[in-house]
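These notes concern the structure reproduced below.
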Amino acid sequence: MRHSKCVLPVLILGLLLPNPSRADKVDDLLLREMEKHQIAGASLIVVKAGQPIKTKGYGLANLEWNVPVTPDTVFEIGSMTKQFTAACILLLVQDGKLALDDKICQHLKSAPAAWSNLTVRHLLTHTSGIRNYTGLDGFELTRHLTQEQFVQKIGAYPLDFAPGDAWHYSNSGYSLLGYIVENVSGTNYWDFLRGRILQPLGMNATGNRTPGVIIPRRAAGYELTNHVHINRDYDLTDIFSAGAIVSTVGDLARWNAALNGEQLLNAASKEQWWTPVKLNGGKVEKYGFGWFIDSVNGHRNIGHGGATSGFSASVQRFPDDQLTVILLTNADELGVATTLAREVAALYLEPQPGRH
């Protein structure tokens, strides 16, 4: 029997604020917005000048078992995966095994002739014109297409525009980048990611979301139907290197720390990583390699959200302020984690001159 929608917020209230007198502005904000958006659970970390200044779990990781979220709860991070895939490509560039302006046909199996002018850079910046497979039939996780099958299937669609002429978000490009990582490195994408990034950084809770694998402390994902929570749809799109990573706020804080030095990527790589793409006609889009490059209330902002069925996640970096906010949720609302992460950041950012 389904409970009335008013039951969940009351339950979450009790978990969020066992002692309301100790609540701070961040707790107040997230409590209010979680109730408003009917977010079952969330995990937050705020990092200032390299130090975590707030780490907390809110609400429930599993509604059926009444399991609370903790900072160790594992969430799907969706398209935040793209920054990791871009980093894998840049590592191969640093190794001298790949160039950003290589034609992708050099590094893919059975690429169609229509892709002959496409470069690795086009894939990284969503300027390739390759059709986005999200919403198309035949790319379900249960099918688990091989590289050749994926290339053949998405390659059957004509390009939406000439390479570099426009910007259009494409998960297809980032799945192709995962295959390029495999072909150039000679190893499985997940093994390369683990060996070159996850293990060196101690990101032991981060990996592939594969539904059949037992992942300790994995949160359940939830969708809303008529304002009632239901378990997320498991007829999932196979998003591979475009969005299949699971992680925790603690692991992502380790990743964030590594971005401030040269443990993984050198200064030249990071400069390209965070440079907005310029289209053929001269227009600049606010996207680098797996990162949106923006400004929020006068503060330079480098970030990315992620959304999969039942989950919404975001990392928002404010490099000039030495502030990062990472928020992971098991909510299905697109973009809600980014909106809330920026609202949390606003509580820590100093107002800019001339802004009120």
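A compact table of results
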read-out: Number of the condition not met by Trp65 [criteria: (1) within 30 Å of Leu30 (Cβ to Cβ); (2) in contact (Cβ under 8 Å) with a residue 40 or more places away in the chain; (3) part of a loop (DSSP other than H, G, I, E, B)]; value: (2)
read-out: Subset tally (residues that are under 22 Å from Val47 (Cα atoms), outside any loop (DSSP other than H, G, I, E, B) and among the small types (Gly, Ala, Ser)) for the stretch 272-322; value: 7
read-out: Residues of the stretch 225-249 satisfying the condition of being surrounded by fewer than 21 Cβ atoms within 10 Å (Cβ to Cβ) and part of a helix (DSSP H, G or I); value: none
read-out: Condition met for Gly96 (at positive phi, under 22 Å from the mean Cα position of the chain (by Cα) and assigned to a loop (DSSP other than H, G, I, E, B)); value: no
read-out: Boolean, Lys48 is modelled with pLDDT of 50 or more and surrounded by fewer than 12 Cβ atoms within 10 Å (Cβ to Cβ); value: no
read-out: Residue match in the stretch 138-153 (condition: among the hydroxyl-bearing types (Ser, Thr, Tyr) and not in a loop (DSSP other than H, G, I, E, B)); value: no
read-out: Residue check for Gln263: in contact (Cβ under 8 Å) with a residue 12 or more places away in the chain and more than 20 Å from Leu327 (Cβ to Cβ); value: yes
read-out: From Pro163, Pro216, residue being surrounded by 19 or more Cβ atoms within 10 Å (Cβ to Cβ) and either at pLDDT below 95 or part of a loop (DSSP other than H, G, I, E, B) (or both); value: Pro163
read-out: Boolean, Lys109 is modelled with pLDDT under 95 and either part of a loop (DSSP other than H, G, I, E, B) or among the basic types (Lys, Arg) (or both); value: yes
read-out: Residue list for the stretch 276-299, restricted to those being touching a residue at least 60 places away in the same chain (Cβ under 8 Å) and among the aliphatic types (A, V, I, L, M); value: Val277, Leu279
read-out: Residue that is farthest from Val120 (Cα to Cα) [pool: residues in the stretch 208-234 that are more than 18 Å from the chain's Cα centre (by Cα) and hydroxyl-bearing (Ser, Thr, Tyr)]; value: Thr225
read-out: Test for Ala205: is it more than 22 Å from Val93 (Cα to Cα), among the small types (Gly, Ala, Ser) and under 19 Å from the mean Cα position of the chain (by Cα); value: yes
read-out: Test: residue in the stretch 169-184 that is part of a loop (DSSP other than H, G, I, E, B) and buried (at least 19 other Cβ atoms within 10 Å of the Cβ); value: yes
read-out: Residue that is farthest from Leu124 (Cα to Cα), among those in the stretch 300-328 that are buried (at least 17 other Cβ atoms within 10 Å of the Cβ) and without any contact (Cβ under 8 Å) to a residue 60 or more places away in the chain; value: Phe318
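The values are calculated or read from the model by the stated rules, or taken from the named source; none is laboratory data. Since the structure is predicted, the reported quantities are computational estimates derived from the model, not experimental observations. Cβ: placed from backbone, ideal geometry, glycine included. Neighbour counts: every protein chain shown.
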